[in-house]
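One structure below.
Read-outs throughout are calculated quantities, based only on the coordinates presented, and are distinct from any laboratory measurement. All of these numbers come straight from a predicted model, not from anything done at the bench. In this analysis, Cβ positions are derived from the backbone assuming ideal geometry, glycine residues included, and neighbour counts consider all displayed protein chains.
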Amino acid sequence: MKILVAIKQVPVRDSPLVADASGRWIAESGLSFEINEPDAYALEEALQLKEKHGGEVVVMSAGPARVQQTIREALAKGADRAIHVEVENLGVFDTVGIARLLADAARPENPDLILTGLQSDDLGYGQTGVVLAELMGLPHSTIIMQIEVNGASIRVKRELEDGWFQHIAMPLPAVLTIQSGINKLRYATLMGIKRAKTKEIRRVSAAPAAGTSSMRIEKLYAPEKSRQAQIFEGDPKAAAAKLVEKLKFEARIL
């Protein structure tokens, strides 16, 4: 069973973010980067499926040269090899453009299963996996909590609202977006880190046609901070009543 896992490199959480000179993206100089957390759960699920059913796990990621740090981390955890779609600036691609990059890299592999995280920590669109499936003409399902392999098909458990779940039978090959928390993430072992240095990373150049974008971020800025204070004078009981009224009808938190 060949499983492809799409992973994205994102800024480390709680990083101090400021807009760059263009005002359309963050200034990346001085930032540290890591694997997108939802994608880490997709990778873990792929590794567990490999341990149960055999085969190989191939990770693929698009981005500049620094992306190889994240790719090596995935290889150290147990992925067999990797595909790096070399793109200097992902900011020029919209969701469809990124999905095209991944689809072009994935097609020659003829995978049985493609996994992605539910969404990215930086943009959070939650669309790349679904668009990837459409471009490749494959069945897909989202918010996956469990995968059971049954020969040439799978049975998945989807998370719905209010504690409800949905079970779906699907043919292979297929594309799934994995919900965070589906499993417990593993750490890379020392031996895994050593082996990762010798594992294959195939570099793929992005097709020029994939760079067309139907949308762009027009302006990126930090929310303006404002402080307002109201003092209720007079009788404490009347002041408390005014406070409750404000919280209920203006702040809408009661």
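Which ones in the range 154-179 are touching a residue at least 24 places away in the same chain (Cβ under 8 Å) and either among the acidic types (Asp, Glu) or crowded, with 18+ Cβ neighbours inside 10 Å (or both)? Within the range 154-179, Ile154, Met170, Pro173, Ala174, Val175, Leu176, Thr177, Ile178, Gln179 qualify.
Within the range 101-129, being over 16 Å from the mean Cα position of the chain (by Cα), buried (at least 18 other Cβ atoms within 10 Å of the Cβ) and in a loop (DSSP other than H, G, I, E, B) holds for Pro111, Asp112. Look at the range 243-254: where a residue is surrounded by 11 or more Cβ atoms within 10 Å (Cβ to Cβ) and a partner is not charged (D, E, K, R), sitting 6+ places away or on another chain with Cβ atoms under 6 Å, you get Leu247/Ile253; Leu247/Leu254; Lys248/Leu254. Applying the criterion of being over 13 Å from Thr128 (Cβ atoms) and among the acidic types (Asp, Glu) to the residues of the range 73-100, the residue that is surrounded by the most Cβ atoms within 10 Å (Cβ to Cβ) is Glu73.
Pairing residues of the range 192-208 that are within 17 Å of Arg66 (Cβ to Cβ) with residues that are assigned to a strand (DSSP E or B) and among the aliphatic types (A, V, I, L, M), at Cβ distances under 7 Å and at least 6 apart in sequence or on separate chains, gives Ile201/Ala82; Val204/Ile83; Val204/Val85; Ala206/Val85.
Screening Ser226 with (1) over 30 Å from Val67 (Cα atoms); (2) within 23 Å of the chain's Cα centre (by Cα); (3) of a type in the set (Ser, Thr, Tyr) gives one miss only, at (2). Is it the case that Ile147 is touching a residue at least 12 places away in the same chain (Cβ under 8 Å), touching a Lys or Arg at 6+ places or on another chain (Cβ under 9 Å), β-branched (Val, Ile, Thr) and not in a strand (DSSP E or B)? So Ile147 fails the test. Which residues, counting only those in the range 32-90, are among the hydrophobic types (A, V, I, L, M, F, W, C), out of contact with any Lys or Arg (no Cβ under 8 Å at 6 or more places or on another chain), under 24 Å from Arg100 (Cα atoms) and in a helix (DSSP H, G or I)? Residues satisfying the conditions are Ala40, Ala42, Ala46, Val67, Ile71, Ala74, Leu90. When Ala82, Ala46 are checked against the criterion of being in contact with a strand residue (DSSP E or B) (Cβ under 8 Å, 6 or more places away or on another chain), of a type in the set (A, V, I, L, M) and more than 17 Å from Glu34 (Cα to Cα), a single residue qualifies: Ala46. Look through the range 49-72, keep the residues that are buried (at least 20 other Cβ atoms within 10 Å of the Cβ) and out of contact with any helix residue (DSSP H, G or I) (no Cβ under 7 Å at 6 or more places or on another chain), and return whichever of them is farthest from Glu218 (Cα to Cα). Among residues in the range 49-72 that are buried (at least 20 other Cβ atoms within 10 Å of the Cβ) and out of contact with any helix residue (DSSP H, G or I) (no Cβ under 7 Å at 6 or more places or on another chain), the one farthest from Glu218 (Cα to Cα) is Leu49.
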